[in-house]
1. Work out, step by step, the length gained on full extension between Asp159 and Ser346: first 0.36 nm times the residue separation, then minus their alpha carbon distance; give nm to one decimal.
2. Size of the dipole of the stretch 186-259 about the Cα centre, Lys and Arg at +1 and Asp and Glu at -1 on the beta carbon, nothing else charged, in debye to 20?
3. Who wins for biggest fluctuation among Pro38, Pro46, Pro26 in a Gaussian network model of the chain, springs between alpha carbons below 10 Å?
4. From the protein chains alone at 1.4 Å, what is the descending order of accessible area for Glu306, Glu388, largest first?
5. Measure off 7 Å from each Cα along the Cα-to-Cβ vector at Gln255 and Val328, then give the distance between these two points in nanometres to one decimal.
6. Restricting to Cα pairs below 8 Å that are 6+ residues apart, what does the relative contact order work out to for the chain? Please round to a whole percent.
7. In Å, the Kirkwood hydrodynamic radius of the stretch 93-220 over pairs of distinct alpha carbons?
8. Sorting Lys186, Lys341 by accessible area (1.4 Å probe), largest first, what list results?
Amino acid sequence: MDFAYDARTNELRERLLAFMGEHVYPAEAVLAEQLADPAREPWAVPPVIADLKVEARKQGLWNLFIPGEHGAGLTNLQYAPLAEITGRSPQLAPPALNCAAPDTGNMELLAEFGSAEQKERWLRPLLDAEIRSAFAMTEPEVASSDATNVATRIVRDGDEYVINGRKWYITGAMNPDCKLIIVMGKTDPTAEPHRQQSMILVPRDTPGVTFKRGMTVFGYDDSDHGGHAEVLFEDVRVPVENLIGEEGTGFAVAQARLGPGRIHHCMRAIGMAERALELMCRRTGARVAFGRPLSDQGVIQDWIAESRVRIEQLRLLVLKTAWLMDTVGNRGAHTEIQAIKIATPSTVEWILDKAVQAHGAGGTSQDTPLAQLWAGARSLRLADGPDEVHKRSLARRELKKYR
């Protein structure tokens, strides 16, 4: 396994680091001002992000996440260190490069499973950042950690499908620029459990789609990207051509979509941890307590050393996973994808917790990014499958070797 960065990765890293220093970090204060503007349209993306997109595209830092003809042509191994850098400013850098969830997963899904017509109508404008999108899977009435529980119904009626159900935590759906929702529901409740589900494309303005509210995450509304909506689908009708693939393939398509999404989250989370460690080192070196700098205290040095060790461990595991995805495919990297999804959010959460503690009350405030980064890391332990589901699956695969 060779994890050394190749020439193209190093060249893109240098350009991206310069872009972060010259444009992204200075824009963080601007973002806060624009989000606080009372005249701002609710849920609209702040203008500073559009400005960053123009600059990123000009510099060739665009659609880095998607391989092949649609993107920059990078492998997972090449993209990993770039995604890590964007994780240092997760509100700004990923959307600036058109590399933000849930659009990334939706673009990958359309690129792999979409029809020619679906790609032309939806994939092309997503690749050009002309529109945003959402992915509707999680439901409030069932344990959505088990995808076979999905209760939303998708019923064929002639040349149309009729959709009824309630979804929530649908990221980005409140954004006025969101034009498409990919909905997962049941087309045949009598089929084999993993063949009951299908996915279908629903234009956001389709009659019967109602946006009830934006859900908060530990008190944050995440309105910078369109929040996390509770959405009601009542007799929503779309053409049969809007079905993705065939009836009954929804579960398989979801797993194909979530694999890359999980590793992308983990790549960015390492960047979050690196920024937290940097802030912790700067803070403890500049503050004095009990007659000496905080950084001289043994407990602080223990936090810093542990943070560095844990970041290096995570990075190696993520790089190994990326390498396997490139060489043997997502199925071959199944164990490692689950391992990084288990290890990364909880470890990064630990590092962020120490950085918050080192900052005292300021660490919980809006004056540093730490509190919001912590909320993001904690929520990742639920997103794309809770820790416990991944541990259950991973343990079963391990036990299978001895049966």
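The values are calculated or read from the model by the stated rules, or taken from the named source; none is laboratory data. This structure is a prediction, so every number in the text was calculated from the model and none was measured. All Cβ positions, glycine included, derive from the backbone under ideal geometry; neighbour counts span all protein chains shown. For accessibility, only protein heavy atoms count, side chains too; no ligands or nucleic acids. Shrake-Rupley method; radii C 1.70, N 1.55, O 1.52, S 1.80 Å.
1. Full extension of this stretch gives 62.6 nm more.
2. Taking the Cα centre of the stretch 186-259 as origin, the dipole is about 80 debye.
3. Top of the fluctuation ranking is Pro38.
4. Glu388, Glu306
5. Taking the two extended label points, one gets 1.6 nm.
6. 15 percent
7. 15.6 Å
8. Lys186, Lys341
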